[in-house]
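Read-outs throughout are calculated quantities, based only on the coordinates presented, and are distinct from any laboratory measurement. Since this is a predicted model, take the numbers as computed values, not measurements. Note that we place each Cβ from the backbone using ideal geometry, even for glycine, and neighbour counts take in every protein chain shown.
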Amino acid sequence: MHILFIADPLEQFKIHKETTYAMMRAAQTHGHTIWACTSHELFSKGEVQTKATHIELLDEAAQTHWYNVIEQVTQPLHQFDAVIMRKDPPFDVNYVTDTWLLDAAVRQGAKVFNAPSGIRNHSEKVSILEFPEFTAPTLISSDKAILTAFHNEHSDVIFKPLDGMGGSGIFRISSDGMNLGSVIEMLTENGTRPIMAQKFLPAITQGDKRILLIGGQIVPYALARIPQHGEVRGNMAVGGKAVAQPLSESDWRIATALAPILWSRGILLTGLDIIGECVTEINVTSPTGFQEIFNQTGFDVAQLFIEMLEHAVK
């Protein structure tokens, strides 16, 4: 197959931990042809097209020069066998526009994963409201009085923006309420942007677990991102320690319930974030963790991803 990866610029990849790189490596091992572009290279004049770069991956030890460029072409997305959307958030108006273009490409015959409608319709924060039986007390609001009342009710609360990633913009306000007003004002931009508030879950000390669902299948290891040095955030981007571990009984119960639902909506790859026994986010843009799980357990997540992609395309 000819597989197009829509991702951030290749020169920004840190291949020792980059999940998109792991996908590319597994695809090449399976004999597929690898193409790459950025979302900025998408355009439409009737057909949705892109300027795509055909690359060949080199020795993994070559951290700086890890691929060769074979050729560059401009062609419609439907001429690729599969298109993998891997652009990182923020999920802003540009990202939404990308999903609209990809929707048009799907109508023209392109096979896009995750489905652009699935990406657009599943806010990584707000989508958990569909599954209240698996979540902690959660509020979405831009109203300072409502957010303050939620804190008064639950005493210890996490506040975060709806469009961030990697732990950016996350605040914990404990029972003393210190800086509550200023945090709400800053995150909501003085009441003009809705944000998320969640009851603080003490189980974060054991890690914010990332569970990967691929084509309805469940990866049997979670990647627990454990906060370090007094941090409340476990995200690897802010120094969290990543520890792969077998799924708990509760993890299996949640993943088994959600996996078929999300796959039925065209979401090939999902990253569930779970603290204790509560889902805190459902990540569908560019979930990560493939390499960390493989390095610690030997379970080849990228191999499973490519196998499920092949099955989906057929």
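Computed quantities for the displayed model
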read-out: Among 72-83, 111-122, the order from most to least packed when residues are scored by Cβ within 10 Å on average; value: 111-122, 72-83
read-out: Candidate lysines for bridging to K125, where Cα separation is under 28 Å - those fewer than 8 sequence places away on the same chain excluded; value: K14, K17, K87, K111, K144, K160, K199, K209, K241
read-out: In nm, spacing of pseudo-spin labels at N190 and Q228 (7 Å Cα→C-beta vector); value: 4.0
read-out: R265 versus A203: modelled label distance in nm, points set 7 Å from Cα along the beta carbon direction; value: 2.2
read-out: Residues in region 152-170 that a label on S182 would reach, taking backbone N under 19 Å of a point 7 Å out along Cα→Cβ; value: 157-161, 169-170
read-out: Cut-off 20 Å, label 7 Å out along Cα→Cβ of H54, residues of region 7-24 by amide N; value: 7, 10, 24
read-out: FRET efficiency, T33 to D88 (Cβ-Cβ, R0 22 Å, nearest 0.05); value: 0.40
read-out: Rounded FRET efficiency, nearest 0.05, which uses the C-beta distance separating S168 from E133 and R0 of 25 Å; value: 0.30
read-out: Sites Q296 and I70, calculated FRET efficiency, Cβ-Cβ separation with R0 35 Å, nearest 0.05; value: 0.55
read-out: 14 Å reach of a label modelled at N152, 7 Å along Cα-to-Cβ, counting backbone N of region 179-218; value: 181
read-out: Rg over Rh [alpha-carbon atoms, Kirkwood Rh] for the chain; value: 0.98
read-out: Highest-first arrangement of 9-18, 302-311, 249-258, where packing means the average Cβ count within 10 Å; value: 302-311, 249-258, 9-18
read-out: Enclosed volume per residue, in Å³, of the convex hull spanned by Cα atoms of region 2-116; value: 95
read-out: Span from the region 34-58 Cα centroid across to the region 96-132 one, whole angstrom; value: 19
read-out: Hull shadow area, averaged, region 137-199 [alpha-carbon convex hull, nm²]; value: 3.6
read-out: Candidates D156, D176, D300, ranked by Gaussian network fluctuation over the chain, Cα under 10 Å, top entry; value: D176
